[in-house]
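The values are calculated or read from the model by the stated rules, or taken from the named source; none is laboratory data. All values reported here derive from a predicted model rather than from experimental measurement. Cβ placement follows ideal geometry from the backbone for every residue including glycine, while neighbour counts extend to all protein chains displayed. The area values use the complete protein model at the heavy-atom level, side chains included, leaving out ligands, DNA and RNA. Shrake-Rupley method; radii C 1.70, N 1.55, O 1.52, S 1.80 Å.
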Amino acid sequence: MNLNRISKRMSYLLRHCTSPLYVNLDGGWAKVDDIIEVIRKKEPDFNLSVMEQIVAEDAKGRYSFDESREHIRANQGHSIPGVVVDMTQPEPPELLYHGTAERFLDSIMSEGLKPMSRQFVHISPDYETAVKVGSRHGKPVVLLFRARDFVNDGNVLYLSANGVWQAKHVPVKYLSVYG
Ligand code: HQG
């Protein structure tokens, strides 16, 4: 059984799949039994203990169970319209990082960071994470984001349960190319 492949399937169902919609818009929770049932159609060995292992071992903390452990959600990364996952708004450090690919730079430096297909722009807590995120799209470039100024100017910046900062839009004036 390929756990990485199953995790991708879980991510798809919990973040992106609208037909049918497995998640409750209020909180992004899906029934554990429903997710297991649908994935078992392609992965007959998948079961609750494998799901628990994937959730516990996920390097990015992508998933959470609720207190009853009857529901599971993705902590961030949704494209499903209307899903609201609870996030906090702690005071950010002065600087955060956004990893992207060189080919997107001109567009970003003219229109700012946009969420593209997701609900939010994802912003990393450190340079190394940003390099990894940017490398997924091509030659990585890291942008410095003046997060404290952004918030002090009245903009909203969220922190997901697994430590990814999120904003609806980041105007160019808060961004500069790192290095
Ligand atoms: C870029 C992974 C042109 C943006 C990672 C990014 C992350 C623009 C791409 C999470 C733009 C969107 C998210 C603009 C933004 N013009 N390009 N105005 N504004 N972009 O995959 O941030 O493995 O939706 O720079 O670890 O790469 O899925 O976002 O390059 O946390 O859990 O448009 O996905 O986590 O790409 O990655 P994505 P992302 P998971």
Filter the stretch 93-137 down to residues that are in contact with a Phe, Trp or Tyr (Cβ under 6 Å, 6 or more places away or on another chain) and β-branched (Val, Ile, Thr), then give me how many there are.
1
Checking the structure you have, find out if any residue of the stretch 76-91 is small (Gly, Ala, Ser) and in contact with a Gly (Cβ under 8 Å, 6 or more places away or on another chain).
no
Being among the acidic types (Asp, Glu), touching a Phe, Trp or Tyr at 6+ places or on another chain (Cβ under 7 Å) and modelled with pLDDT of 95 or more narrows 45, 34 down to just 34
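Residue-wise test of (1) closer than 24 Å to residue 165 by Cβ; (2) charged (D, E, K, R).
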| position | (1), (2) |
| --- | --- |
| 13 | no, no |
| 20 | no, no |
| 24 | no, no |
| 37 | no, yes |
| 43 | no, yes |
| 49 | no, no |
| 52 | no, yes |
| 59 | yes, no |
How do the helices (runs of 4 or more DSSP H) wholly within the stretch 19-136 filter down when requiring 3 or more residues that are touching a residue at least 40 places away in the same chain (Cβ under 8 Å) and within 13 Å of the ligand (Cβ to nearest atom): which remain?
105-111
Looking at the stretch 124-179 only, could you name the residues that are open to solvent by less than 50 Å² (accessible area, probe 1.4 Å), of a type in the set (A, V, I, L, M, F, W, C) and farther than 13 Å from residue 89 by Cβ?
130, 131, 133, 141, 142, 143, 144, 145, 164, 170, 172, 175
